[in-house]
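The values are calculated or read from the model by the stated rules, or taken from the named source; none is laboratory data. What you are looking at is a predicted structure, and each value in this text was computed from that prediction instead of being measured. Cβ atoms come from the backbone with ideal geometry, glycine included; neighbour counts cover every protein chain shown. Just so you know, the surface numbers come from the protein's heavy atoms only, side chains and all, with ligands and any DNA or RNA stripped out. Shrake-Rupley method; radii C 1.70, N 1.55, O 1.52, S 1.80 Å.
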Amino acid sequence: MAKFGVGQSVLRVEDQRFITGTGRYTDDISLDGQAYGVAVRSPEAHANIRRIDVDAAKAAPGVLAVILADDIIAHGSNELPCAIPMENRDGSAGINPLRPVLCKDRARHVGDHIAFVVAETAVQAKDAAELVEVDYESLPAATHTATAADTGQPLVHDDVPNNLAFDWEFGDRAATESALSTAAHVVELSIVNNRLISNPMEPRAAVADYRDDALTMHVCTQGGWLFLDPLAAVMGMDRDKITVLTPDVGGGFGTKAFFYPEYALAAVASRMVGRPVKWTAERSADVFVSDVMGRDHITTAKLGLDADHNIVGMGVETTANMGAYCNMFAPFIPTGAALKVLPGVYDVKAMVYRVLGVLTNTTPVDAYRGAGRPESIYLMERLIDKAARQLGVEPVELRRQNYIGAAAMPFQTTAGETYDSGEFAKVTDEARTVGDVAGFDARKADSAKSGKYRGIGMSYYIESTMGDPQEAAKIRFEEDGTVSIVVGTQSNGQGHATAYAQVLVDRLGVPFDKIQMVEGDTRELKQGGGTGGSRSLTAEGLAIRKASDIVIDRGKHFASQEFETAVADIEFSRDDGEFKVTGTDRTIGIMELAAKAKTMPPVGNQEPGMDAEAIADIPQWTFPNGCHIAEVEVDPETGVVTIERYTAVDDFGVVVNPMLVAGQVHGGVVQGIGQALYEHAVYDDSGQLLSGSLMDYCMPRADGVPPMAVSTLEVPCKNNEMGVKGCGEAGSVASPAAVINAIIDALKDLGVTEVDMPATPQAVWQVLQAHQGSIAAE
């Protein structure tokens, strides 16, 4: 195995830049003559806009322009796209209200965009934004997921009856209802998937530069190609005249995959004032009220089991909050994305899944790390645990009995997905061994001596990677003796430059320290699928391999010229990166040959040299899975939950870099813990965000997370030639259910059967008081 090849824990090549402060993020970019933009936002959750007076703002020092909706409409579209609208279950089209760049007649959530002020400095732009006077006619607001579609609720959009954007369904309802009606046991569960704000470390930012009838946009994305069409629509210009450049990105989590109004406004402003325009979000003023949020579902479910405890059917109904508008992928997240893994790792014989997409006077909701799959696994793993307790059996044994067996692979689920591989029982055994489940009773007794309740919870997740079914890569041998890998994905901190270099070393044998990654430039590749859905390595890795094969093929032609022999006599060694004349000791290294090939006669009608570009098709995605086990202590006096131990054994197929994988699992688990214990975006009845700053919106910290035992058990994927499975979202899919199941286990002797997320100290204390009170009454 090569020192820097696949399977090695190679240190991240990116980190030297980051830890020495030489990373370059969007806000670090400043262009000559640059002006600054600030968004004027609605303080009202729902209001008619009767008048906007910008005279004072325009007259303020340094102000160059104040942009309103009519300025957008004069040149292009004032609406942002919804890429995946949903159909209703009766076959009719859903209603997908689009997010405006700037509101013209009505504001529909706190933070909605009303105007955009451009000035010489950021301070001048902020001061002038305060001078924009808006006459609002306040309207009643619909703010709560559970009641948004109720009769009599205020309408977010007049043309959307009952605030119902879509009523979608998948599955065989008749078969499922029959299975549930005849089941020996039926378990019912209602859960909440709390609304989350992703809060990446780097706030969003953009620098737009319009000149010579062309636009260059520097912006933090998860793949700039997705921004080309929306920019072209807003600007009313050809997408071929638009370049999107993405530098280093400080966290994405789905939030930065989307095209936002501020990006369009910076572009329009640059054209209007004839200068580059920068916009940078502030945490409370912008991030909390305008960044697309995540989750926000209310779900009820029934699980039917026969007399032998085999699952026979499952019926699920979810109300999913879209916010005020249907964002880019929003309708797909609780429907098609969640559906992919809704049965989990179990042989569910019949299933029906219905989703009501509702509109509220709140910030739009869309994909957040895991995007539908955490919601499904949380439901399934909570259901299995509740079923086991209701049946009086061990949760792990009920799981084992209903697992899809390794011998059954490939297995088509009732969700229509085909799992290619998986050894769920084996992974479970390994996790229980690593997590020392056998020693739990002793640890529980020790906790009891300290007056604490201790519980253990398990979650077995399966995830489906997804995204653009194609990916592009280019391999370029530079004049300075380095090799560039040009990619269509976008690192947000995952370590792509390291992993992709390992793939190239494994394929071409080029020196690891000579490899550099080029990303975030829509001029470099015709297309790019971006980063999201845990797709990066599973897609980009295949594209790099395909481009590498072209390099080898071209290299054989050039080596045949170098050695004056037939192409058929040339062989290539991936181990040492050498071309060799078969049966001789005549060799030449790939780097030396690539340098010579630049001046040698080209192969056929191709350009000189060994550079290669390829587009890989991804006909099937991957299904990473794993078993996570959490142990918690609950303080009955305060309701504080402490996670004492956390074990994760994951099947990511062939692992390219174990260190990078561990880092992804750590981060995902912590984000899932955040949802389980701390995070909650809360609106009051009037639509005001009550958790609008980091003082009110609690996020996980290092002191709340124990050391994790993270390991992998490799079951190669059969859906791609590398055998890899995605890993970026796994931790966030698995950990919420593991933690909540552990809390319920800790409190089960008190009669507690349900705890909702987030299990804050107050929420847990209230549960404790209710059940301790009922015990005392008895």
#### Entry: Carbon + sulfur, % of accessible area of segment 3-148 - ligands and nucleic acids excluded, 1.4 Å
50
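May I ask for the percentage of alpha-carbon pairs in segment 530-619 that lie more than 23 Å from each other? Provide the component values of the computation, followed by the final result.
Working: 1234 of 4005 pairs.
Pairs farther apart than 23 Å: 31 percent.
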### Summary
Sorted by accessible surface (1.4 Å probe, heavy atoms of the protein chains only), largest first, Arg24, Arg389, Arg354 come out as Arg24, Arg389, Arg354
#### Entry: Trp225 - accessible surface, heavy atoms, 1.4 Å probe, Å² rounded to 10
20
### Message
I want to verify the translational diffusion coefficient of segment 584-710 in µm²/s; compute it with Stokes-Einstein, Rh as the Kirkwood radius over Cα pairs, at 4 °C and 1.567 mPa s.
### Response
63
### Task
For Lys3, go through the aspartates and glutamates and keep the ones whose alpha-carbon is under 13 Å away, minus same-chain ones fewer than eight residues off.
Asp506, Asp513, Asp575, Asp576
### Reciprocal mean inverse distance between Cα atoms of segment 67-148 - Kirkwood radius, Å
15.8
### Message
What are the ³J(HN,Hα) couplings of segment 44-54, residue after residue, when phi is run through the Karplus curve with 6.51, -1.76, 1.60 and θ = phi - 60°? Round to Hz, x for glycine and proline.
### Response
9, 6, 7, 6, 6, 9, 8, 7, 10, 9, 10
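Kirkwood hydrodynamic radius of the chain from all distinct Cα pairs, in Å?
Details: mean 1/r = 0.0360 Å⁻¹.
Kirkwood radius, the chain: 27.8 Å.
Per DSSP H run of at least 4 residues, take -39500 (n - 2.57); add these up for the chain, divide by its residues and hand me the 222 nm value, nearest 500 deg cm²/dmol.
Helix contribution divided over all residues of the chain: -8000 deg cm²/dmol.
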### Query
What percent do you get for the relative contact order of segment 193-251 when only Cα pairs under 8 Å and 6+ apart count?
37
#### Entry: Residue pairs, from the table Lys449/Lys748; Lys514/Lys725; Lys302/Lys426, whose Cα atoms sit over 23 Å apart
Lys514/Lys725; Lys302/Lys426
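Roughly what % of DSSP beta bridges within the chain run antiparallel, to the nearest 5?
Counting only bridges with both partners in the chain, antiparallel ones make up about 80 percent.
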### Message
If I ignore ligands, DNA and RNA and count only protein heavy atoms, how much of Lys126 is accessible to a 1.4 Å probe, in Å² to the nearest 10?
### Response
90
## Note on the structure
Across 10 Å bins beginning at 0, the whole-percent shares of Cα-Cα pair distances in segment 428-539 come to 12, 29, 19, 14, 15, 10, 2
### Summary
Semi-axes of segment 98-197 from the Cα gyration tensor (sqrt of 5 times each eigenvalue, largest first, whole Å) come to 45, 17, 13
### Message
Can you list residues from other chains, or at least 5 along the same chain, whose modelled amide H is less than 5 Å from the amide H of Ala65?
### Response
Val118
### Message
Quick check: at a probe of 1.4 Å, how many percent of the accessible area of segment 303-456 sits on carbon and sulfur atoms?
### Response
49
### Over segment 643-778: Rg over Rh, Cα atoms, Kirkwood Rh
1.09
### Query
Given the protein chains as shown and a 1.4 Å probe, how many square angstrom of Arg283 are accessible, to the nearest 10?
60
### Two-site label geometry, Asp308 and His771: point separation in nm, points 7 Å out along Cα→Cβ
3.3
### Message
How long are the semi-axes of the equivalent ellipsoid of segment 331-390, taking √(5λ) for every eigenvalue λ of the Cα gyration tensor, in whole Å from largest down?
### Response
24, 13, 11
#### Entry: With eigenvalues of the C-alpha gyration tensor scaled by 5 and rooted, segment 401-489, Å
44, 24, 13
### Summary
Counting only backbone N atoms under 15 Å from a point 7 Å out along Cα-to-Cβ of Ala122, the residues of segment 20-48 in range are 25-31, 34-39
### Task
Can you pull the one-decimal nm distance between simple spin-label points at Ala406 and Ala93, each 7 Å off the Cα toward Cβ?
5.0
### Query
If the cut-off is a Cα-Cα distance under 15 Å, which aspartates and glutamates reach Lys596, setting aside same-chain residues fewer than 8 apart in sequence?
Glu478, Glu479, Asp480, Glu562, Glu564, Glu578, Glu607, Asp611
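For Glu679, Glu394, write out the residues from largest to smallest accessible area, computed with a 1.4 angstrom probe and no ligands counted. All intermediate terms of the calculation are to be shown ahead of the outcome.
Values: Glu679 5, Glu394 120 Å².
Correct descending sequence by accessible area is Glu394, Glu679.
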### Message
Could you work out what % of the accessible surface of segment 659-778 is carbon and sulfur, using a 1.4 angstrom probe and leaving DNA, RNA and ligands out of the count?
### Response
56
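May I have the convex hull volume per residue, in Å³, for the Cα set of segment 5-93? Display every interim value, and only then the final one.
Details: hull volume 31.1 nm³, N = 89.
Once divided by residue count, the hull of segment 5-93 is 350 Å³.
If you put +1 on each Lys and Arg Cβ and -1 on each Asp and Glu Cβ, how big is the dipole of segment 107-152 around its Cα centre, in Debye rounded to 20?
Working: 2 positive and 8 negative charges, 43 e Å.
Computed about the Cα centre, the dipole is about 200 debye.
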### Descending Cα extents along the principal axes, segment 151-269, whole Å
71, 35, 28
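Using a 1.4 Å probe and counting only protein heavy atoms, arrange Cys220, Cys727 so the residue with the most accessible area comes first.
Working: Cys220 0, Cys727 30 Å².
Ranked list, largest accessible area first: Cys727, Cys220.
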